[in-house]
Amino acid sequence: MRTDIFARLDREPEPPKIEPPRMSRHRIALFGGTLAFYLAIVVAVLVSSWLVTLDWKVMLFRPYQQWPQIHAFLDYYIVLGQRGPTATMVACWLGWRSWRQHTLRPLLTLGAALLLLNATVGAVKIGLGRLGPHYATQIGSAELFAGGDIFPSGHTANAVVTWGILAYLATTPRARRYLSAVSAIVSLGVGLTTVYLGTHWLSDVLLGWAAGLLILLALPWFEPLITRAEAWIFAQREILRGHARPVPSLPVAAGGPRTALLPQLDGGDAVAESPVLEPVAAGTVTGPRSRTHPAAPSHPTHLVRSERTPVTPAGSRRPPHADRTPRGGTTSARPVSGG
């Protein structure tokens, strides 16, 4: 079995040398046009214009009854617009890219886009309070300010942002074009699926497409903030590594200083033992020093008897006897008892 693929996976490439998108004139113009479309949809629903009439016609047409054969498939396809499953899948892919490329920009960009999505779409949902087709109460009414939360369509906006972020973070122009087309098809299908199932008005889907596109177009304005957040996270990681790194112990060379424990006297009483440096000759075996005697100086001039090196006597180790006379010597006079 060839293991070349595993060797290639073990390599850790450097971050791609591609600059993040900037707010060019083309992007600003596209952002302005999308924002104008967004506001036009909101105004058209607020004044109950022809767009609200179209919403009711599509709802009363009941597409799920006209083409029931695709209902089962679309029940699964709608998952591509749900926040939890799509965010998990995309986050796993971007997390792997972040690990391989040693950068947190993909994950931080996804987090910033989802935060913007929740803040903007959620605020409009709660503020307008539109009811869905299944809960409508009056034919021809816009069903606004009734406690609903379906305008704009969250599924559609989430599909645009979640799958569009892959195209936004693409590292090559070719990959960006392909991923843009894929994300557009997926988000278009998710929006139309909600209309087919009768969970959203057509105007909800139009506003959801515009809301998701506005977030993708506005992301370059948040790139400096994402860069600062990434630098701060890496700085905190280095600080934690510095605290967790153990202090290495330095070996003591032969003949170098060693630590010895000496009593420190204060008023005649031994209170503590502190380490001091004492030179040791190479090859010398040292043992524990008595706690009651201070260390001898390195080069003493006079040694007392207790500190001199004992000398082993030559010859017999037996002590001399007072009654014995060494051989060859003179006989000392001894008193004779009973004399």
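The values are calculated or read from the model by the stated rules, or taken from the named source; none is laboratory data. Small disclaimer: the values here were computed from a predicted structure and weren't measured. In this analysis, Cβ positions are derived from the backbone assuming ideal geometry, glycine residues included, and neighbour counts consider all displayed protein chains. Quick note on the areas: whole protein, heavy atoms, side chains included, nothing else; ligands and nucleic acids left out. Shrake-Rupley method; radii C 1.70, N 1.55, O 1.52, S 1.80 Å.
What percent do you get for the relative contact order of the stretch 59-149 when only Cα pairs under 8 Å and 6+ apart count? Relative contact order for the stretch 59-149 comes out at 17 percent. Here L46 and H243 are evaluated by their C-beta separation; at R0 = 45 Å the FRET efficiency comes out at 0.20. Solvent exposure of the stretch 94-243, expressed per residue, is 46 Å² of accessible area, with all protein chains present and a 1.4 angstrom probe. In order along the stretch 154-161, the Karplus-derived 3J(HN,Hα) couplings, from 6.51 cos²θ - 1.76 cosθ + 1.60 at θ = phi - 60°, round to x, 4, 5, 4, 5, 5, 5, 6 Hz, and Gly and Pro are given as x. What is the local net charge at F151, summed over the other residues whose Cβ is closer than 11 Å to its Cβ (Lys, Arg +1; Asp, Glu -1)? Neighbour charge sum, excluding F151 itself: -2.
With a cut-off of 11 Å between beta carbons, the residues surrounding K125 carry a summed charge of -1, where Lys and Arg count +1 and Asp and Glu -1. Extension gain, A146 to T53: 0.36 nm times the residue separation minus the Cα-Cα distance gives 31.6 nm.
Using 0.36 nm per residue and subtracting the Cα-Cα separation, the extra length available between Q236 and Q138 on full extension is 29.5 nm. Can you give the FRET efficiency for E19 and F73, using 1/(1 + (r/R0)^6), R0 = 45 Å, r = Cβ-Cβ distance, to the nearest 0.05? Once the sixth-power term is evaluated, E becomes 0.65. With a Förster radius of 41 Å applied to the C-beta separation of H102 and F37, the computed FRET efficiency comes to 0.55.
Taking a sphere under 14 Å around the Cβ of V52 and counting the other residues whose Cβ falls inside, with K and R at +1 and D and E at -1, yields a net charge of -1.
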